[in-house]
Amino acid sequence: MPYRVAQLMITTLENHIRHYFEKAEILPRARLIAAIQGDFPQWSTATINVYLSKLKKAGLLKSPARGYYAISNKEDFKHQVEAEMKKLANKIRRELPYVTLCVWNTKWLNTFMRHQPFKHFTVVEVERDAMEQVFRIINEMSDEGYMDPNTLVFDLYVSDAEKPIIIRPLVSEAPMEPKGKYAVPMLEKLLVDMLADPVLFAAQQGELRDIFANALSRYNVNYLKMKRYAVRRNRERELQEIMSITSAENPISAKM
């Protein structure tokens, strides 16, 4: 089976899997397979077994007993966008209604960290072609906007800014959650971005192991989605390495 077709089928099952557990928290394998074949009669039992195994490795399913499946009971990672960030996002959206917009703040990562960073940044991610327009819009509201700053700019200017706003290029197919007319990053995106962008995430670099271990133990993480995004960011090897380190605390990750 072509790789793209297989990935599409896995994604389709990801989007349906919780539906099968609406009336029962735990399902025997045979009953779950029968329910899936009711929606996808063209799928063989062998094919479904392969996909269930992948979803289990991804952390979406668990096996409370041999031959039984249940949905993972960890929390979903969610953060409310503060009023100031909403105001910023809404202004950008009004002037650029068709741009893909993702907003967040680095302090969202504090919950995973042992040492709390002194400085936080609001981050605005858009397609690269729209970055200059967004920079202009932000400058109408604040004189602390910085477009894709390098290490030198961070050290000379951003570190002294009171409420810095960082404009970054948005990587296509990044895991995001819609929030009305804009989006916020999913946990899978933030974890991979910490590996790919040591400049923006300088404060987190010394605690990557703890951050990953805390995130994976407390929240639902879609390992397949995270791995696909790591491939997009050319950080698949780094992700596999840190997942191996945290495998003692999170056995599923070792099988990713």
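In table form, for the structure just shown:
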{"item": "Fraction of beta bridges assigned by DSSP in the chain that are antiparallel (%, nearest 5)", "result": "60 percent"}
{"item": "DSSP-defined beta bridges in the range 119-216 - what % are antiparallel, rounded to 5", "result": "35 percent"}
{"item": "Percentage of interatomic Cα-Cα distances in the range 147-187 larger than 16 Å", "result": "52 percent"}
{"item": "Length released on extending from LEU8 to SER244, taking residue separation times 0.36 nm less the Cα-Cα span", "result": "82.3 nm"}
{"item": "For the range 40-125, fraction of C-alpha pairs farther apart than 23 Å, in %", "result": "55 percent"}
{"item": "Mean separation of Cα contacts under 8 Å (6+ apart) over length of the range 16-143, as relative contact order %", "result": "18 percent"}
{"item": "Histogram of C-alpha separations across the range 170-231, 10 Å bin width, %", "result": "21, 52, 27, 1"}
{"item": "Of LYS57/LYS189; LYS87/LYS227; LYS78/LYS107; LYS54/LYS181; LYS163/LYS189; LYS189/LYS227, pairs whose Cα-Cα distance is over 21 Å", "result": "LYS87/LYS227; LYS54/LYS181; LYS163/LYS189"}
{"item": "Inter-label distance, nm, simple model (7 Å from Cα along the C-beta direction), GLN205/GLN80", "result": "3.5 nm"}
{"item": "Taking all pairs of distinct alpha-carbon atoms in the range 143-256, Kirkwood radius in angstrom", "result": "15.3 Å"}
{"item": "In Hz, Karplus ³J(HN,Hα) per residue of the range 128-144 (6.51, -1.76, 1.60; θ = phi - 60°; x = Gly, Pro)", "result": "3, 5, 9, 4, 5, 5, 5, 4, 5, 5, 5, 5, 6, 9, 8, 9, 10"}
{"item": "At 0.692 mPa s and 37 °C, Stokes D of the range 1-85 from Kirkwood alpha-carbon radius, µm² per second", "result": "232 µm²/s"}
{"item": "Gain upon complete extension [TYR98, TYR68; 0.36 nm per residue less C-alpha separation]", "result": "6.3 nm"}
{"item": "Nearest-0.05 FRET efficiency for ARG128 and GLN37, computed from C-beta distance (R0 30 Å)", "result": "0.10"}
{"item": "Computed [θ] at 222 nm, helices only, for the chain once each DSSP H run of length n ≥ 4 contributes -39500 (n - 2.57)", "result": "-12500 deg cm²/dmol"}
{"item": "Alpha-carbon Rg with Dmax, taken over the range 76-157, Å", "result": "13.8, 40"}
{"item": "Kirkwood Rh and Cα Rg combined as Rg/Rh, the range 25-184", "result": "1.14"}
{"item": "5 angstrom amide H check on TYR219, placed H, neighbours 5+ away", "result": "none"}
{"item": "Surface accessible to a 1.4 Å probe, ASP160 within the full protein complex, Å²", "result": "120 Å²"}
{"item": "Estimated vicinal HN-Hα couplings, Hz - the range 167-177 in sequence order (Karplus 6.51, -1.76, 1.60; Gly, Pro = x)", "result": "9, 10, x, 8, 6, 4, 6, 5, x, 9, 10"}
{"item": "Convex hull projection area averaged over all views, the range 136-208, Cα basis, nm²", "result": "6.0 nm²"}
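The values are calculated or read from the model by the stated rules, or taken from the named source; none is laboratory data. No experiment lies behind these values; they were computed from the predicted model shown. Note that each Cβ is placed from the backbone with ideal geometry, even for glycine, and that neighbours are counted across all protein chains shown. Keep in mind that these areas ignore ligands, DNA and RNA; they rest on the heavy atoms of the full protein, side chains included. Shrake-Rupley method; radii C 1.70, N 1.55, O 1.52, S 1.80 Å.
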